[in-house]
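Heads up: the structure comes next, in C-alpha cells.
Any read-out appearing in this document is the output of simple, stated calculations on the displayed coordinates, not a laboratory observation. No experiment lies behind these values; they were computed from the predicted model shown. Here the Cβ positions follow ideal geometry from the backbone for every residue, glycine too, while neighbour counts run over all protein chains shown.
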C-alpha cells in the first residue's frame, strides 16, 4: 500500500478519526456503491452493525451520528459541523433517512446495533452494512474496518464500492527508517524532499504545496476557534473548556523576559485543538483525531517562536512528519483501539519531533533520532479514556506531548538528537543540561 502525506493529514470531524471519521466514510462508501450499481432505487431500508471498540465506545465518540450522516452522503471533509447535531436529531424524530441525499427510506433505532462484546476478526473497529428491498431481500451487504487515522479498508467486498489499497509507484519507495535514510544518503536529499518527490506521483509541486498550506490553514482556524470558545464539552463528564480562559491569561501576562513562555502557548494550542475535536468540530487528523493537537501546536510554535517560520518551512514540516507517520502506519499502527495511545499520541509526537528537527537544521540522521526518542517516551501508553470520551486524559496528553517536542524561543540544537532535551543557548554539551 502506498501512503500519501494527504492520507495522514486529512480534514475531518471530531471527536475520533477511527470512531467518527472512519464510520462516516464507510457509510458513505456503502451508499455510493448502491448508487453506482443502480441499486439505490430498490432500497427501502438500511441496517448497520458496529462491533468491538466501535460498539463499546461508539456512542461516546459519535459513531452512530457519523453513520447516519455518512448514509446521507456526507463526508468528514465537507459536512457542516454546525448543523450535524440538528440533522441527526431530525432523522431520529422523523424516522426518515435520505440515502446519498437522494433516496428516502424508513429509519428507527433498531436499524443501528452497537455490539459491545462482539468483535469481527480483522480489527477491533468493524462495521457491517445491509440494504434491503421492499420484500425484505438483501440488496447489498458489506463489512468495513476503520483501522485508525480515518483509514477504511474492505478486504472481502467485491463490487464498485471496494476500497483498494493504492499501489501507485513512487520515485523513492520506503517502508522502513533504514530505507528512508538510504535514499537520503544516495541522493543527498532531505527527508522532506524525498517525501515531496514521492508525492509527485499523485500531484504537481504546486498542488502539493497548496494542499499542505490548506491543511495548515484548517489547523490555524481550529486553534482560533478553540481559543475563543468557552463552556463545557459534550458528554456526561461535564469537562470545562479551558483554552479560552488560558488564552486570556497568557495575553494579559505574557512576560517576554520568560524564556519558557513559548511552552505555555504550545500547551494552549494543543488544548484548543483537542477541545474542538472533543466537541465534534472541524480538525485535521494528524495522524488521528485523538492526537490532532500535537502537530498543529508544534507548527504554531515553529511559526511564532522560532526564526524558521515560513510557508516553505510549514510545507517541509508536514512532508517530514508525513514520512515518519508512514513508517508507523506501514509497520505498526496508528489506531488507539489496536495498539493504544502510543499509536496515536506517540506517533504524532514522533512525527512532530522529526519534523521540527529538519526545519531547524537537522540532518536526516538527526531527524530519525528525534523521531525515535519521541516515540520512546510514549511506548506503553494505553488507550484509556474515561467514559469512552476523547477528553480525559486525551486532551492533556496532547499538551504534554506537544511541549516535549518544542523548545524555549531563541534556543538552538547542538546535539545529535535534535530533540527538546538537546536544545541549549550555548555550544556546551547538552548532556550537562539534560536535567533542564
**Message:** Counting only helical runs of four or more DSSP H residues, what would the 222 nm mean residue ellipticity of the chain come to if each run contributes -39,500 (n - 2.57) and the total is spread over all its residues?
**Reply:** -14000 deg cm²/dmol
**Asked** Ranking 129, 317 by Cβ neighbours within 10 Å, fewest first, what do you get?
**Response** 129, 317
**Message:** Between 0 and 90 degrees, rounded to the nearest ten: what's the tilt of helix 84-94 against the longest Cα principal axis of the chain?
**Reply:** 10
**Request:** Find the centroid of the Cα atoms in the range 175-217 and in the range 313-389, then give the distance between the two in whole Å.
**Result:** 17
**Message:** I want to verify a result. In a Gaussian network model of the chain, Cα cutoff 10 Å, which of these has the top mean-square fluctuation: 367, 315, 113?
**Reply:** 113
**Complete:** Quick calc, residue 232 & residue 311: beta-carbon distance into FRET formula, R0 41 Å, rounding 0.05, result 0.65
**Message:** Given 10 °C and 1.306 mPa s, compute D for the range 14-153 with the Stokes-Einstein relation, Rh being the Kirkwood radius over Cα pairs; round to the nearest whole µm²/s.
**Reply:** 109
**Prompt:** Stretched out fully, how many nm does the piece from residue 207 to residue 251 gain, at 0.36 nm a residue minus the Cα gap?
**Reply:** 12.2 nm
**Complete:** Quick note on 47, 238, ordering by fewest other C-beta atoms within 10 Å, gives 238, 47
**Request:** With a point put 7 Å past each Cα toward its Cβ, work out how far residue 182 is from residue 37 in nm, to one decimal.
**Result:** 4.2
**In degrees, nearest ten, helix 243-252 long axis to first principal axis of the chain (Cα)** = 30
**Request:** Output the Kirkwood hydrodynamic radius of the range 177-433, Cα pairs only, in Å rounded to one decimal.
**Result:** 18.4
**Asked** Sorting 383, 357, 222 on the 10 Å Cβ count, fewest up front, what's the list?
**Response** 383, 222, 357
**P(r), alpha carbons of the chain - 20 Å bins starting at zero, rounded %** = 27, 55, 17, 1
**Asked** Going by alpha carbons, how many degrees (0 to 90, nearest 10) lie between the helix axis of 311-331 and the longest principal axis of the chain?
**Response** 60
